[in-house]
Amino acid sequence: MKKELTLWQKIKRPVEFRLVVPLKRSAQDPLVLARGVLVGMMWAMTPLVGIQMTTVLITWVIAKKFNWSFSLPIAIAFTWVTNVFTMVPVYYVFYVTGKLLLGDWQNITGWESVKNIVETTFFGDYSIWESIVLFGKMLLKDWGVAMAVGCIPWSIGCGWMSYRWSLKFLRMWQEKRSKSAEKRSYWRATLSKVIHPKQTLKQAKENHQKKKRKKKNGKKQFIKYSKH
């Protein structure tokens, strides 16, 4: 019988598989990977769901011209932090933050109306491109300015915190991995001295036990002889 996953486990598993595992498996420099996290998170925290991977690609092309490299696959992976499932609450946070920064908190639209607008736009009978165009027009007409302003602190803050966390995590992980590799090489070298190439592990243990018994018997004989 399969054990049912908790809500936290259901959230943690895809996040770990899509974001953490690629970081661990990558052989690139931690600084390059952390920059990828920075770029990905900064674009993720903008109201551009649907074209975020394109904006990351454009950023990568421009960054290369200035010799500022970052991991493109990692950056693209982190843009999926905001997606069709998380965009409604995230967009509403952007909108409210923007209204507060603009000093227009008295005219904040309710959660239900924002939810209805997004659901009608993206979950209606439209193609992906039609949904993006329609949503873009709605942003410019209704609450686009508030969202554009409100996403700025979230984009900078989340990008910077993710960069610091990933850089620290990757350096610790690579240090741990290098120590494990050193231990493995040490034990291989030690065992290669003890175990003859043609011996099996069982034979090596038997020979080791014989040597111990010989030493023990030699000590006993010495003690008996000294008494006489």
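Annotations
Residues checked against (1) among the hydrophobic types (A, V, I, L, M, F, W, C); (2) outside the structural domain of W43 (by TED's automatic domain parsing); (3) modelled with pLDDT under 85; (4) assigned to a loop (DSSP other than H, G, I, E, B):
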{"residue": "S113", "(1), (2), (3), (4)": "no, no, yes, no"}
{"residue": "K137", "(1), (2), (3), (4)": "no, no, yes, no"}
{"residue": "L140", "(1), (2), (3), (4)": "yes, no, yes, no"}
{"residue": "V145", "(1), (2), (3), (4)": "yes, no, yes, no"}
{"residue": "C158", "(1), (2), (3), (4)": "yes, no, no, no"}
{"residue": "M161", "(1), (2), (3), (4)": "yes, no, no, no"}
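- Those residues of the range 88-111 which are modelled with pLDDT under 80 and not small (G, A, S), in sequence order: V88, D104, W105, Q106, N107, I108, T109, W111
- Residue in the range 25-38 that is free of Cβ contacts under 8 Å to residues at least 12 places away in the same chain, farther than 30 Å from K176 by Cα, assigned to a helix (DSSP H, G or I) and assigned by TED's automatic domain parsing to the domain that holds V149 present: no
The values are calculated or read from the model by the stated rules, or taken from the named source; none is laboratory data. Everything numeric in this text was worked out from a predicted model, so none of it was measured. Heads up, the Cβs are rebuilt from the backbone with ideal geometry, glycines too, and the neighbour counts pull from every protein chain shown.
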